[in-house]
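The values are calculated or read from the model by the stated rules, or taken from the named source; none is laboratory data. Here the structure is a predicted model, which is why all the values come from computation and not from measurement. Ideal geometry is used to build each Cβ from the backbone, glycine not excepted, and the neighbour counts take in all protein chains shown. Surface areas here come from the heavy atoms of the whole protein model, side chains and all, with no ligands, DNA or RNA. Shrake-Rupley method; radii C 1.70, N 1.55, O 1.52, S 1.80 Å.
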Amino acid sequence: MNRFLRNVTLFSVGLIACFATMYAINIVTSEFNAPRVESQTLIVGNSHMQQALNPAFFESAQNISQSAEPLYVTYWKLKKLLPRSSVSTVVLGFSYLNLSPLSNRKLSDERWSSTLFNRVYTIADIESLEGVEVDRLEFYRSKFKNMCLYPKWDHGSYMGEYFNFDKSVLLAPDEDIARHYLRDGQNVDISMVDIAFLDSIVALSARENVELILVATPIHESYFERIPGHFIAGFEDTKRELKARGIRVLDYSQLDVVDDEFLNVTHLNERGATRFSKLISERIATPE
Amino acid sequence: MLFNSIDFAVFLPIVFILYWFVANRDLKLQNLLVVVASYVFYGWWDWRFLFLILFSTVVDFRVGLGLETQDDPKRRKFLLLCSILVNLGLLGFFKYYNFFLANFVDAFSIFGKEIGASSLSIVLPVGISFYTFQTLSYTIDVYRRKLEPTHDFVAFAAFVSFFPQLVAGPIERATNLLPQFFAPRTFEYEKAVDGMRQILWGLFKKIVIADNCAEYANAIFNNSAGQSGSALVAGAFFFAFQIYGDFSGYSDIAIGTSRLFGFNLMRNFAFPYFSRDIAEFWRRWHISLSTWFRDYLYIPLGGSKGTVWTRVRNVFIIFLVSGFWHGANWTFIVWGALNAIYILPVMLLNRNRLRLDIVAQGKLLPSVADALRILFTFCLTLLAWVFFRAESVGHAFEYLAGIVSPTLFSIPDPFPRSTFALICVMLAVEWLGREQEFALAGLGLKWPRPLRWAMYYSMVLAILAMAGKPQEFIYFQF
């Protein structure tokens, strides 16, 4: 028995030492090889922004938006990137959907949580995340897998990039509306967590001396008509408050966009993105 | 509690330490600890169903004692019948009630009669099919006077609920496992190390092979309409390795865990995908269930003796019942029937015991003829797995019809190359270890320790790094 226990202990100690060594190596590589933004303009947000603004049409820009990205993830990304970059303007996607608490459920959602954790394991501060349900076990599992098993050079999977499609598939918006604003068929309330993180992003930008511009990307008329009234009112109130604080808000949610320029009811396609990118590029180049 | 969970990783060392350091001086105390640990293990999932196990245990314990004192054949038969009715009654209610009800209603509707009957919301207790068969083996063997009934309730309860094999087997025979609860246990280093190696290999098969295969197989089977023929074949292929990795992995963990506690469980899988004919496959796949049916159903029915008609009937009965044991769905029954059709020619021609040896024994590679036989047998099982995995019989036929299309010869897109490579690694290790009890049993035993440990470390890291999305063990639903 003693021999067995000694060998099991020895084996376990070796394994733990191996994990610790890998962790130390990955801490170093994640810092040493942390992503840096060399562009002047940084485009951030969820898939709406990812597919709406092509940085090629900006003077010096990088689009790091990613699908299903809640505002707190955007905040973590900016917190990591801004101090070590030469960014002077942050273009943040901000729309009706950003006020929905349902987009915050991604960290506990079976389909999305591991994808999100695999992106943000080096920048996430989940312990201080209040009001958001988090699958902590899955988070630490992702972190362990990415940091403790083998040496990894690239830890910047939270950096997205622009991509798009040259097609248009416009379906009835019912499914999107239900996914974005309804829980068990009932309207959800506006998320105070997102309002709070929006405030944090505003404060962070001010602290880092970066101009923050909020952009609402175009959505299809059929979708807009189905957005619950309190979300429209909440969005307008938030917009007003932000403007009062000197933040530029470019609301193009109801921009006149033809069907052929939509990928679906909430995303632009390649053609739509080209036109919209030029428009936003001109707008942000012109001081108000 | 799942074997591949953190809960079990904490539970096992605690029970191990208590078993060998606290309860080691008293056999009864060790058995009691096994019972408590087993009930905690099972109750972790749903404590309410513990009463079901306890009830089954009490009934069969009492029946066993009754059979000991009873000499009247009629009364003995009555006692056995009580045990069978109680156990199969519970199984029938929890597992098959809604199935029979739905089919009863459907049957009447064919004749234009509508019956109003609503199905019940019944939760299937995990492992009920396994422990029911295990405890039945006890009463049947006592009835046949092959086994002395036990007077030790704790030992009997430990036999029924022994946690390593409680929820998904191997379905142990009372004649093998029960006496082990009366034998003094001494810790054997070699046995424990062997157990650890078997656990490691089981975890690899479950977490790396089965869980990764499941992602692709689920994606294909859940959206089979519109898939290319080659993608459908790939879906069935990955399911074949999902179910093998899942179930044989579970069995390896169960057997390995038992060894840590000084117990020897029966072998459940013997490299079935290297079988050269379907009879050999069934001697190597889910051995504990196949032999259970052989001993308690097939042989009492007459087995392979009697007229051709009797033999055909017996083969169909055993495979249909085996299919039905897996679940209350016609897909399992068709799966069983298909296997009966496969094996029938072999049985009728008395060629079912042709290949009792190990394929290419003592050689590195099989002969061309053996390789072709292995491939043919694997294709037959692949076809049957489509019925096993499909949602309904109609779905299975649609799936198979989808395979027969010009797209059969296209390259499946997407195709999980890395998972395919992992399957190849697993098959290579299993091929090299096919003459052993389990694939890893002999691998590296003579290597110097640093090399051997490097292999273990690589496996642990592979399990952690290449784990698929965690899936529940398939056989839990049975």
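Hey, if you put +1 on the Cβ of every Lys and Arg and -1 on every Asp and Glu Cβ in chain B, which of B:Gly89, B:Phe49, B:Cys213 ends up farthest toward the positive end of that dipole?
Towards the positive end, the residue furthest out is B:Gly89.
If each of B:Lys74 and A:Glu236 carries a label point 7 Å out from its Cα toward its Cβ, how far apart are those two points in nm?
With each label point 7 Å from Cα toward Cβ, the separation is 9.0 nm.
Mind checking the per residue accessible area of segment A:145-288 for me, 1.4 Å probe, whole number of Å²?
52 Å²
What are the semi-axes of the equivalent ellipsoid for chain A, taken as the square roots of 5 times the Cα gyration tensor eigenvalues, largest first, in whole Å?
37, 22, 18
Counting other Cβ atoms within 10 Å, keep those with at most 15, restrict to DSSP loop, and tell me which chymotrypsin sites (Phe, Trp or Tyr not before Pro) in segment B:83-183 are left.
Answer in residue order: B:Phe111, B:Phe182.
Quick one: what are the phi-derived ³J(HN,Hα) couplings along segment A:164-178, Karplus 6.51/-1.76/1.60 with θ = phi - 60°, whole Hz, x for glycine and proline?
Result, ordered by residue: 7, 10, 9, 8, 9, 10, 8, 10, 4, x, 3, 5, 5, 4, 4 Hz.
Once you place label points 7 Å from the Cα toward the Cβ at B:Glu398 and A:Ile27, how far apart are they in nm?
Going from the B:Glu398 label point to the A:Ile27 one covers 5.4 nm.
Let me see the pair-distance distribution of chain B: every alpha carbon pair, 10 Å bin width, integer percents in order.
4, 18, 28, 28, 16, 5, 1, 0
Assuming a ≥ b ≥ c are the square roots of the Cα gyration tensor eigenvalues, decide whether segment B:300-422 counts as rounded (a/c under 1.5), prolate (otherwise, with a/b larger than b/c) or oblate.
Cα axes put segment B:300-422 in the oblate bin.
Can you give the Rg/Rh ratio of segment B:244-361, where Rg is from the C-alpha atoms and Rh is the Kirkwood radius?
Result for segment B:244-361 is an Rg/Rh of 1.00.
Mean separation of Cα pairs under 8 Å and 6+ residues apart, divided by the residue count of chain B: what relative contact order is that in percent?
18 percent
Quick one: longest stretch of chain B between exposed loop GluC sites (Glu not before Pro), exposed meaning at most 15 other C-beta atoms within 10 Å and loop per DSSP?
The segment B:189-390 is the longest one with no such site.
Can you figure out the FRET efficiency of A:Leu129 with A:Ala17, using R₀ = 35 Å and their beta-carbon distance, to the nearest 0.05?
With R0 = 35 Å, the Cβ-Cβ based efficiency is 0.65.
Under DSSP H, which helices of chain B have Cα atoms covering 30 Å or more of the helix axis and a Kyte-Doolittle average no less than 1.0?
Span-like helices here: B:368-389.
From the square roots a ≥ b ≥ c of the eigenvalues of the alpha-carbon gyration tensor of segment B:177-222, which class results: rounded (a/c under 1.5), prolate (a/b over b/c), or oblate?
oblate
Excluding residues on the same chain fewer than 8 positions from B:Lys363, give the lysines whose Cα lies under 21 Å from its Cα.
B:Lys446
With label points built 7 Å along Cα→Cβ from the Cα atoms of A:Glu270 and B:Ala428, find their separation and express it in nm.
For the pair A:Glu270/B:Ala428, the computed spacing is 4.2 nm.
Calculate the dipole size of segment B:405-478 relative to its Cα centre from +1 charges on Lys and Arg beta carbons and -1 charges on Asp and Glu beta carbons; express the result in debye to the nearest 20.
The calculated dipole for segment B:405-478 is roughly 320 debye.
Could you work out the equivalent-ellipsoid semi-axes for segment B:372-478, taking the square root of 5 times each eigenvalue of the Cα gyration tensor, largest first, in whole Å?
Working through the eigenvalues yields semi-axes of 34, 17, 16 Å.
Taking the Cα centre of segment A:197-288 as the origin, how large is its charge dipole in debye, to the nearest 20, when only Lys and Arg (+1) and Asp and Glu (-1) carry charge on their Cβ atoms?
That gives a dipole near 300 debye.
Can you figure out the FRET efficiency of A:Asn7 with B:Glu148, using R₀ = 41 Å and their beta-carbon distance, to the nearest 0.05?
E(calc), rounded to 0.05, equals 0.55.
Which of the aspartates and glutamates could a cross-linker bridge to A:Lys167, judged by Cα under 12 Å and excluding same-chain residues fewer than eight apart?
Output for A:Lys167: A:Asp259, A:Asp260, A:Glu261, A:Glu270.
Using the Cα centre of chain B as origin and beta-carbon charges of +1 (Lys, Arg) and -1 (Asp, Glu), tell me which of B:Thr257, B:Ile140, B:Pro414 is placed farthest towards the positive end of the dipole.
B:Ile140
What average number of partner chain Cβ atoms lie no more than 10 Å from the Cβ of the residues making up A:1-13?
Mean shielding count: 4.
Computed on protein heavy atoms with a 1.4 Å probe, what is the summed buried accessible area for the chain pair A and B, in Å² to the nearest 100?
Rounded to the nearest hundred, the buried surface is 1800 Å².
Rounded to the nearest 20 Debye, what is the dipole magnitude of chain B about its Cα centre when Lys and Arg each give +1 and Asp and Glu each give -1 at the C-beta?
Magnitude of the dipole: close to 1080 debye.
Can you give the Rg and Dmax of segment A:132-288 based on its C-alpha atoms, in angstrom?
Expressed in Å, the Cα Rg and Dmax of segment A:132-288 come to 18.9, 51.
Can you sort B:Thr377, B:Thr69 by 1.4 Å-probe accessible area, starting with the largest?
From most accessible down to least: B:Thr69, B:Thr377.
Collect residues whose amide H, placed 1.01 Å from N in the peptide plane, falls under 5 Å from the amide H of B:Leu2; neighbours closer than 5 in sequence don't count.
Amide H neighbours of B:Leu2, under 5 Å, 5+ apart: B:Phe8.
What does the convex hull of the Cα atoms come to per residue for segment A:167-236, in Å³?
124 Å³
If contacts are Cα pairs under 8 angstrom and at least 6 residues apart, what is the relative contact order of segment A:111-248 in percent?
The normalised contact order for segment A:111-248 reaches 22 percent.
Check A:Ile43: other-chain or 5+ apart residues with amide H under 5 Å from its amide H, H built from backbone geometry?
A:Gln62, A:Asn63, A:Ile64, A:Val91
Return, for the Cα atoms of segment B:115-204, the radius of gyration and Dmax in Å, separated by a comma.
17.3, 63
Over segment B:123-175, what relative contact order in percent results from Cα pairs under 8 Å that are six or more residues apart?
58 percent
Rounded if a/c is under 1.5, else prolate if a/b beats b/c, else oblate: with a ≥ b ≥ c from the C-alpha gyration tensor eigenvalues square-rooted, which is segment B:1-103?
Since a/c reaches 1.5 but b/c is at least a/b, the shape of segment B:1-103 is classed as oblate.
Ignoring everything except DSSP H segments at least 4 long, calculate the 222 nm mean residue ellipticity for the protein assembly as shown; use -39,500 (n - 2.57) per segment, divide by total residues, nearest 500.
Only helices count here, giving -17500 deg cm²/dmol.
Looking at the P(r) of the protein assembly as shown, how many percent of alpha-carbon pairs lie beyond 51 Å?
The proportion of pairs with Cα distances above 51 Å equals 28 percent.
Which far-off residues, 5 or more places away or on another chain, put their amide H under 5 Å from the one on A:Val215, with H placed in the peptide plane?
Residues meeting the amide H criterion: A:Leu92, A:Gly93, A:Phe94, A:Leu250.
Which value, in Å to one decimal place, does the Kirkwood hydrodynamic radius take for segment B:1-55 when every pair of different Cα atoms is included?
Across segment B:1-55, the inverse of the average 1/r is 11.9 Å.
Apply the Karplus parameterisation 6.51 cos²θ - 1.76 cosθ + 1.60, with θ equal to phi minus 60°, to every residue of segment A:271-280 and state each ³J(HN,Hα) to the nearest whole Hz, in sequence, with x for glycine and proline.
With the stated coefficients, segment A:271-280 comes to 5, x, 5, 4, 5, 5, 4, 4, 4, 5 Hz.
Applying 1/(1 + (r/R0)^6) with R0 = 22 Å to the Cβ-Cβ distance of B:Ala462 and B:Val10, what FRET efficiency is obtained, to the nearest 0.05?
With R0 = 22 Å, the Cβ-Cβ based efficiency is 0.45.
How many Å³ per residue does the convex hull of the Cα positions in segment B:144-292 occupy?
139 Å³
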